[in-house]
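See structure below.
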Amino acid sequence: MAEVDARADRRSEGIVINDDWPGYSLDLFSYPAHYSGDLDCVIVPHGVIMDRTERLARNIMDDLGDHDIVVLCVLKGGYQFCADLVERIKALSRNSNHTIPMRVHFIRLRSYLNDQSTEDLHILGAEDLSFLAGKNVLIVEGIVGTGKTMETLLEHVKAFKPKMIKVAGLLVKRVQHSLASVPDYVGFEIPNRFVVGYALDYNEYFRDLNHICIISESGKKKYKV
Ligand code: IMP
């Protein structure tokens with residue numbers, strides 16, 4: 001999130017989905033029958049996610065083209081976005097004079113129970129990131145809520161002295177008094193509601209849903225732990 005230039009600033013909020021946006025009726029799309037009754041609406045259809053990701057890949061390419069980067073995928077919620085983003089960066093690299101040599105590494109975080117952020121943030125699988133020293137790092141996260149998770153992760157990564165850190169977040173919630181600065185690359189700015197799908201879960205459910213949806217109250221009850 002360091003070194004945000006003016007161009008990145010202008011586009012940093014991504015596509016803004018307002019609080020009064022009712023979403024798309026679930027009847028307009030296909031989704032797994034086992035989630036029938038568990039969702040209120042589709043807030044971002046899968047195709048729109050893919051189109052926005054393609055553009056984010058181009059922005060990243062324009063900014064970082066010809067630099068080696070280490071992609072740090074934040075599991076588990078960021079895996080689908082990371083896979084699709086990396087795929088698109090690879091396609092651009094194949095088809096232009098600019099190219100981004102990429103390494104991909106995974107880091108696992110857990111801070112949510114049901115739909116509540118907990119103080120208890122675990123960084124798992126982050127044993128030794130010393131190979132990040134002097135590298136250009138692109139952190140790829142599915143969703144930024146309060147920003148606490150990202151702040152903690154950034155502090156952790158900075159300690160390994162990378163040359164540069166950029167952050168790509170597919171979704172950023174409009175949270176009042178959010179601690180964090182905005183990621184450099186944002187897919188969508190969304191209302192402060194609990195969303196699932198496209199690898200984002202509620203107690204490990206809904207990762208197998210392609211669209212980003214608002215979970216229903218009955219869905220929350222059904223999968224509560
Ligand atoms: P933050 O610390 O509040 O920014 O929360 C970030 C983390 O919480 C993300 O890495 C997600 O794992 C999870 N999270 C936050 N909001 C949601 C949501 O609406 N759906 C699913 N996971 C979420």
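For Lys148, the conditions (1) touching a residue at least 60 places away in the same chain (Cβ under 8 Å); (2) more than 21 Å from Met102 (Cα to Cα) all hold with the exception of (1). For segment 195-217, the tally of residues that are within 11 Å of the ligand (Cβ to nearest atom), surrounded by 17 or more Cβ atoms within 10 Å (Cβ to Cβ) and not charged (D, E, K, R) stands at 12.
Scanning segment 63-105 for residues that are surrounded by 19 or more Cβ atoms within 10 Å (Cβ to Cβ) and of a type in the set (S, T, N, Q) yields a single hit, Gln80.
Is segment 96-116 home to any residue that is within 11 Å of the ligand (Cβ to nearest atom), modelled with pLDDT under 90 and among the acidic types (Asp, Glu)? Yes, segment 96-116 has at least one match. With respect to the stated conditions, Gly147 is more than 17 Å from Gly23 (Cβ to Cβ), out of contact with any helix residue (DSSP H, G or I) (no Cβ under 9 Å at 6 or more places or on another chain) and near the ligand (Cβ under 9 Å from one of its atoms).
Here is a yes/no grid of residues against (1) near the ligand (Cβ under 9 Å from one of its atoms); (2) of a type in the set (Asp, Glu); (3) at pLDDT 95 or above; (4) in a loop (DSSP other than H, G, I, E, B):
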site	(1), (2), (3), (4)
Leu179	yes, no, no, yes
Val182	no, no, no, yes
Phe188	no, no, yes, no
Gly219	no, no, yes, no
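I want to confirm something. Restricting to segment 19-34 and keeping residues that are farther than 22 Å from Asn192 by Cα and not acidic (Asp, Glu), which single residue is surrounded by the most Cβ atoms within 10 Å (Cβ to Cβ)?
Restricting attention to segment 19-34, the residues satisfying the condition of being farther than 22 Å from Asn192 by Cα are 27-34.
When the remaining residues are screened for being not acidic (Asp, Glu), the result is 28-34.
Numbers: Leu28: 9, Phe29: 15, Ser30: 9, Tyr31: 20, Pro32: 11, Ala33: 6, His34: 10.
So the residue we want is Tyr31.
Of the residues making up segment 128-177, those that are of a type in the set (A, V, I, L, M, F, W, C) and open to solvent by 30 Å² or more (accessible area, probe 1.4 Å) are Phe131, Ala133, Ile143, Ala159, Phe160, Val175.
Would it be correct to say that Glu155 is closer than 19 Å to Leu26 by Cα and not aromatic (Phe, Trp, Tyr)?
Working: closer than 19 Å to Leu26 by Cα: no; not aromatic (Phe, Trp, Tyr): yes.
In short, no.
The values are calculated or read from the model by the stated rules, or taken from the named source; none is laboratory data. Fair warning: this is a prediction, and the values are worked out from it, not measured in the lab. Ideal geometry is used to build each Cβ from the backbone, glycine not excepted, and the neighbour counts take in all protein chains shown. These area figures cover heavy atoms from the full protein model, side chains too; ligands, DNA and RNA do not enter into them. Shrake-Rupley method; radii C 1.70, N 1.55, O 1.52, S 1.80 Å.
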